[in-house]
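See below for the structure under consideration.
The values are calculated or read from the model by the stated rules, or taken from the named source; none is laboratory data. What you see is a predicted model, and the numbers here were worked out from it, not measured in a lab. Cβ coordinates were reconstructed from backbone atoms using ideal geometry, including for glycine residues, and neighbour counts include every protein chain displayed.
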Amino acid sequence: MTILIDDAGSGDILWGVVIGAYRPETDSFIYDIIDVSFFKNELYNERQYLQEAAKISIKLIDRLGILENEKIQICQGDILNEAAKALIEKFGEDRIERTRIEGRAQELVEIAYTDELRNLGYEVRPDRTDKWGKNFWHMYDWVKDDTNRIKWVKTGFPNLKRYKLFQNL
């Protein structure tokens, strides 16, 4: 048995980041969210989202109930670096593997993230992961249409400061 951990949304400007855990043998999937507040100002600059990803990852493993000698495969993305360290500390290096997460695990975490975006009222581009540039502008325009939506933007991203919409935040 194996548990796969992946993330979705870390490169998008909207909302937080979904961290999901999936056990293929039972088709069990659960997730939690790094709140968008971790991607604003001081929390972002202090990289507190990395610690939050670690807390969430451990919590997800605990909720799934890791089995004796069960392996954990965790995505290689930077946002999960501290999570991998925390999992190694808790479960041992021989049970943790950094790898590329694909297939159903990746699909489920992406669906969870896009469902969360839809809950905000944002309609996700079907090609969002294939066309990052167009995805950025689609999200940007959606926020620009109603600036009350800025509360859902990862305004700590340094590159956003070059856009007038985000300069005074």
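Select from segment 130-145 the residues that are in contact with a strand residue (DSSP E or B) (Cβ under 9 Å, 6 or more places away or on another chain) and under 13 Å from residue 11 (Cβ atoms) and list them in ascending order. Passing the criteria: only 139.
Pairs meeting the criteria (first residue in segment 46-75 and over 13 Å from residue 32 (Cβ atoms), second residue buried (at least 16 other Cβ atoms within 10 Å of the Cβ) and small (Gly, Ala, Ser), beta carbons under 6 Å, at least 6 apart or on different chains) are 74/84. The number of residues in segment 5-39 that are crowded, with 18+ Cβ neighbours inside 10 Å and assigned to a loop (DSSP other than H, G, I, E, B) comes to 6. Only one entry of 150, 101, 88, 96 meets the criterion of being touching an Asp or Glu at 6+ places or on another chain (Cβ under 8 Å) and either of a type in the set (A, V, I, L, M) or loosely packed, with under 13 Cβ neighbours inside 10 Å (or both), and that entry is 101. Considering 33, 74, 58, 13, the condition of being more than 29 Å from residue 136 (Cβ to Cβ) and of a type in the set (A, V, I, L, M) is satisfied by 58 alone. Out of 136, 39, one residue alone is modelled with pLDDT under 95 and under 19 Å from residue 156 (Cβ atoms). It is 136.
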